[in-house]
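First the structure, in the form of C-alpha cells, and then the observations on it.
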Amino acid sequence: MVKIKGSVLRSRLAMVDEMAPDGGRGRVLARLEPQDREALGALLASSWYPFELGRHLDAAIVEELGGGQATFFEKVGDKEAVLTTHEAETFSAPDCATVVGWYRRALEMCGVRDPRVVEEECRAKGGAVCRYRITWS
C-alpha cells in the first residue's frame with residue numbers, strides 16, 4: 001500500500017488555512033467522508049497514512065478552493081511558480097539555501113533556461129513558512 005507522510009497532509013491543510021482563512025478548512029473537510037475527516041483531525045507529522053487520504057484531501061481542495069479546476073495546484077504563471085514548505089520538522093538558513101540550489105538545478109536539468117529562485121519568506125529567519133518564487137525565461 002502506498003503511503004503519504006503526515007507532514008505532507010498537514011502542509012496541505014496549512015495551505016488551505018493560508019489561502020482561505022475565513023473557514024476554508026471547514027468547507028474543505030466538509031467535502032470528505034467522516035473517516036477521512038477523523039484521520040485528518042488527528043494527524044501526526046511523523047506518521048504514515050494511506051495515499052488515498054491525500055488524494056481525497058486534494059480533490060476536496062480542488063473542488064472547494066479551485067472551483068473544480070484540475071490546474072489549481074499548478075504554477076502561478078506561464079514562467080513562474082511559487083513553492084511553499086509548511087510545518088517542516090527541521091529548518092535552517094543553510095538548508096533553505098540548499099533548497100534554492102536544488103530547485104534551480106532541477107529546472108536546469110529539465111531544460112529550463114535562466115531559472116531564478118528567490119526565497120521570499122524563511123522560517124529560519126522568523127517567517128511562518130519557507131516560500132520560494134521561481135521564474136525562468
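What follows draws every value from the coordinates through simple rules; no lab data is involved. Source: prediction; values computed, not measured. Note that we place each Cβ from the backbone using ideal geometry, even for glycine, and neighbour counts take in every protein chain shown.
Note on LYS3/ARG31: beta-carbon distance plugged into 1/(1 + (r/R0)^6) with R0 of 30 Å gives a FRET efficiency of 0.85.
Kirkwood radius for the chain, taken over all pairs of different Cα atoms as the inverse mean of 1/r, rounds to 16.3 Å.
Computed over the range 3-65, the percent of Cα pairs more than 15 Å apart is 43.
If only the Cβ of Lys and Arg carry +1 and only the Cβ of Asp and Glu carry -1, the dipole of the chain around its Cα centre is close to 300 debye.
Helical runs (DSSP H, four residues minimum) scored at -39500 (n - 2.57) apiece and divided by the length of the chain put the mean residue ellipticity at 222 nm at -14000 deg cm²/dmol.
Say R0 is 35 Å: what FRET efficiency, to the nearest 0.05, do GLU120 and TRP48 get from their beta-carbon distance? Efficiency, rounded to the nearest 0.05: 0.70.
Which of the lysines could be linked to LYS5 by a straight reach, that is with a Cα gap under 26 Å, when you skip same-chain ones fewer than 8 residues away? Correct list for LYS5: LYS75, LYS125.
Extension gain for THR90-THR71 works out to 3.8 nm (0.36 nm per residue, less the C-alpha to C-alpha distance).
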